[in-house]
Amino acid sequence: MKIIRCDNYDREGPGHDDVLVASGITSIKEAKVMLDALREKCRPAESEHYYQLHEDAYVLKEFKP
């Protein structure tokens, strides 16, 4: 599994690409602890970014003009 940082408003364009934060996570419990810590630090209502958990096969969104 991997944790990504994505745009909280689902915008597309330069500067709004997904960012890989952590990969190779094998435990759901570990992933939830990491997500809770990240989400607490950057509260979605106050931030342009949001953190999500995805399977390893997930392809990061990247703006390509």
- Roughly what angle does helix 28-41 make with the longest principal axis of the chain, taking Cα atoms, 0 to 90 degrees, to the nearest 10? 50 degrees
- Note on the structure: the range 2-54: relative contact order from alpha carbon pairs under 8 Å, six or more residues apart, as a whole percent, is 52 percent
- Query: Per the Debye formula with a single identical scatterer at each Cα and no solvent contribution, what log10 I(q)/I(0) holds for the chain at q = 0.20 Å⁻¹?
  - Reply: -0.78
- Taking 0.36 nm per residue of separation between TYR58 and GLU30 and subtracting their Cα-Cα distance, the length gained on full extension comes to 8.2 nm
- In sequence order, calculated HN-Hα J values of the range 15-26 (Karplus, 6.51, -1.76, 1.60; Hz; x Gly/Pro): x, 10, 6, 5, 10, 6, 9, 8, 9, x, 6, 10
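Each reported figure results from applying straightforward, stated rules to the coordinates on display, with no laboratory input. The structure presented is a predicted model; accordingly, all values stated were derived computationally and were not measured.
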